[in-house]
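Take a look at the structure set out below.
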Amino acid sequence: MDPRSMIEVRAAHNGMGRGLFATVDIPMGTYILTESPVILLSRSATPFQDFCDALSSIGTKMTEFEDLYCNVRLLNENLAGNIVTQIRSEDPQTPADVQNEDFRKFLKLYAIYHTNASIITKDNKDAGSAVFLTCSRINHSCVPNSYSIWNDKTDRQTIQTGRDIKAGQQIFVNYLGDRGDFMTHEQRLRQTQTHWGFTCNCRACTKPEIADRVRRDMTSLRRSLDQSHQKWPLVDSETRKAIALKAVQYAEELLRLMEESELGGWKVCQTYQDCARYNMYLGNEAEAVSYARRFLDTQEIFFGEDSIDREWIEAIGLRFT
């Protein structure tokens, strides 16, 4: 099936404007959209000038670009970080007269870009930003059902479902990326209001006292696991055993919280690895095999058979078919 036949852009509820919706039942791990950016800017010291150059090449797509959501707060001269301030800091000689109608029209285009721009990476480093005409229609949720993936080899953005989605349901991604999984409601609210000018009404935000407790616990457990990884190569075998006993508890509890709060998807793969590694070190081979199989199953769903990482399984001494 053509991925674009699975989705449609239409009016959303709760003041979201328009959004992307499933037209059929879509299984977890399905690629539903891949798109080239209408504007792609590499990281540079002159983003405003780069934007001017890129804007001239939009051509017939200008109407669609102008129709994208704009965070009007970016046009407020009284707000720190407003766009006029950014333009003048780049080039003090720029005739940025906010009373000029033509300049205000251009200013809004720049605000549309800033509102909808996604960070792009190359070799896991911030390499610039891009705007997409369809991907930009996808609304935010702190408990998303899909993920956005930037391919720096093809310069295309792909949207993949993180769980099963029923026909008629809206597609959501987390604008805050992976870091949003571990933020409290107050931290997320500050980010969404500042950068996009909206207040999220997802279930994690309507009952923040519950979601915040879970996310704080997840943050603490992830930090404890990271500390265990750092200590591992520096200690003797007896100390490693003590670390492994605690790390198994951390990893299994983190896994439970991620799955219960629906923040799993492909992100649980690292935690499956942690569970398998530390169980194997403690001699719990059956448990290690179980977690390794869950890792493989999840990787196959999200990345395909040819992209599964099996080296770590052999490295810890696991052998199974």
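Summing Cβ point charges (Lys, Arg +1; Asp, Glu -1) relative to the Cα centre of the chain gives a dipole of roughly 640 debye. Close amide H pairs (under 5 Å, H built 1.01 Å from N) link Leu33 with Ile159, residues at least 5 positions away or on another chain.
A simple charge model with +1 on the Cβ of Lys and Arg, -1 on the Cβ of Asp and Glu and nothing else charged puts the dipole of segment 258-298 at about 160 debye relative to its Cα centre. A straight Cα-to-Cα reach below 18 Å connects Lys125 with the lysines Lys153, residues fewer than 8 places away in its own chain not being considered. Among the chymotrypsin sites (Phe, Trp or Tyr not before Pro) in segment 29-74, none is located in a DSSP loop while being surrounded by at most 13 other Cβ atoms within 10 Å of its own Cβ.
So which GluC sites (Glu not before Pro) in segment 201-289 end up in coil per DSSP with only 14 or fewer other C-beta atoms within 10 Å? Provide the component values of the computation, followed by the final result.
Working: sites: Glu209, Glu238, Glu252, Glu253, Glu259, Glu260, Glu262, Glu285, Glu287; in loops: Glu262.
Passing both the DSSP loop test and the Cβ count: Glu262.
A simple count of charges around Asp50, restricted to other residues whose Cβ falls under 13 Å of its Cβ and scoring Lys, Arg +1 and Asp, Glu -1, yields -2.
Binned at 20 Å from 0, what are the whole-percent values of the Cα-Cα distance distribution for the chain, short to long? Spelled out bin by bin, the chain gives 27, 52, 20, 1 percent. When the chain is treated as a Gaussian network with alpha carbon springs shorter than 10 Å, the biggest mean-square fluctuation among Pro92, Pro37, Pro27 belongs to Pro92.
Considering only His13, His195, His114, give the residue with the highest GNM mean-square fluctuation for the chain, with springs between Cα atoms whenever their separation is below 10 Å. Highest fluctuation among the options: His13.
For segment 129-169, trypsin sites (Lys or Arg not before Pro) meeting the loop criterion (DSSP other than H, G, I, E, B) and having at most 12 other Cβ atoms within 10 Å: Lys153, Lys166. Could you sort out which of Lys61/Lys166; Lys231/Lys267; Lys61/Lys108 sit more than 27 Å apart by Cα distance in this structure? Beyond 27 Å between Cα atoms: Lys61/Lys166. Calculated mean residue ellipticity, 222 nm, the chain: -13500 deg cm²/dmol, from DSSP H runs (n ≥ 4) at -39500 (n - 2.57) each, averaged per residue and rounded to 500. Taking a ≥ b ≥ c as the square roots of the eigenvalues of the Cα gyration tensor, segment 210-312 is classed as oblate, since a/c reaches at least 1.5 and a/b does not exceed b/c. Here's the picture: charge each Lys and Arg Cβ at +1 and each Asp and Glu Cβ at -1 in the chain, and of Asn151, Phe65, Ser224 the one pushed furthest to the positive end of that dipole is Ser224.
FYI, it's all coordinate maths here, none of it is from the lab. Note that the coordinates shown come from a computational prediction; the quantities given were computed from them, not determined experimentally. Counting neighbours? That spans all protein chains shown, and the Cβs are built from the backbone with ideal geometry, glycine included.
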